[in-house]
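Quick note: the coordinates plus some simple rules give every number you see, no bench work behind them. It should be emphasised that the depicted structure is a prediction, and the values quoted were computed from it without experimental measurement. Cβ: placed from backbone, ideal geometry, glycine included. Neighbour counts: every protein chain shown.
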């Protein structure tokens with residue numbers, strides 16, 4: 001039976017690459033979540049459908065519990081229960097020093113990157129768990145190398161939020177290991193996506209390419225390949241792991 005992917009933040013960057021590859025390589029039906037850019041999400045859906053796949057766009061703010069539950073329900077109504085959650089939605093803000101960050105900025109980052117990701121994982125667990133009558137599944141949490149490097153002088157708050165994702169991965173993996181659910185994570189390094197523009201530095205990936213041992217920034221498709229592997233039966237004995245996909249950085 002073909003998997004059902006729910007990809008949060010699926011309209012751009014890593015999320016969009018995961019959605020497209022899940023449909024193309026894994027034959028998955030895909031729910032592409034987005035918060036505001038309906039056109040971008042629909043473009044991903046159109047690419048999948050035009051290639052013969054199945055996909056829908058699901059609007060929802062992954063910092064809002066009611067939205068999260070609704071998106072899971074919409075996915076289930078369209079394709080059946082999600083068998084793979086890709087916990088990808090995330091935000092950052094302008095580069096700077098922690099001493100200058102407002103409480104509103106920090107709260108928004110934590111609300112989306114931490115609280116929302118935990119609620120998404122909760123909903124996936126409730127629906128996938130064999131203890132609850134589910135068929136099992138996989139959760140892949142998108143962390144960041146920032147969790148281990150700290151992002152001093154740029155995004156300390158974002159880095160801290162991704163550290164929480166690493167902890168979620170190991171803790172939840174152990175909690176549900178005997179309920180048919182595998183939980184793993186990926187730490188992307190410097191990747192060519194437009195998230196850097198959100199921090200006020202759209203050329204950041206190119207600017208920092210020289211700091212990567214491989215000498216270049218990564219591409220979203222390279223992260224997607226790792227996601228698809230972790231979600232597949234080829235990784236059937238892998239849980240509680242977080243893989244660095246960072247060119248050695």
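As a proxy for reagent exposure, 72, 79 were ordered by neighbouring Cβ count within 10 angstrom, fewest first; the result is 79, 72.
As a proxy for reagent exposure, ranking 145, 214 by other Cβ atoms within 10 Å from fewest up yields 214, 145. Based on alpha carbons, the Rg and Dmax found for region 38-165 are 16.6, 51 Å. In the chain, the longest principal axis of the Cα atoms and the axis of helix 156-176 are about 30 degrees apart.
Rounded to the nearest 10 degrees, the angle from helix 38-50 to the longest Cα principal axis of the chain is 50 degrees. Rg and Dmax over the alpha-carbon atoms of region 132-186 stand at 13.7, 47 Å. Taking the chain as a Gaussian network of alpha-carbon nodes connected by springs under 10 Å, the highest mean-square fluctuation of the residues 151, 236, 129 belongs to 236.
Among 161, 50, the ranking by other beta carbons within 10 Å of each residue's beta carbon, starting with the fewest, stands as 50, 161. Taking each DSSP H run with n ≥ 4 as -39500 (n - 2.57) and averaging over every residue of the chain yields -13000 deg cm²/dmol at 222 nm. Both radii come from the Cα set of the chain: Rg as radius of gyration, Rh as Kirkwood radius; their ratio Rg/Rh reads 0.95. Taking one quarter of the surface of the convex hull spanned by the alpha-carbon atoms of region 137-249 gives a direction-averaged projected area of 7.0 nm².
Result for the chain in a Gaussian network model with C-alpha springs under 10 Å: among 137, 180, 116, the largest mean-square fluctuation is at 180. Computed over the chain with a Gaussian network model linking Cα atoms closer than 10 Å, the most mobile of 157, 47, 100 is 100.
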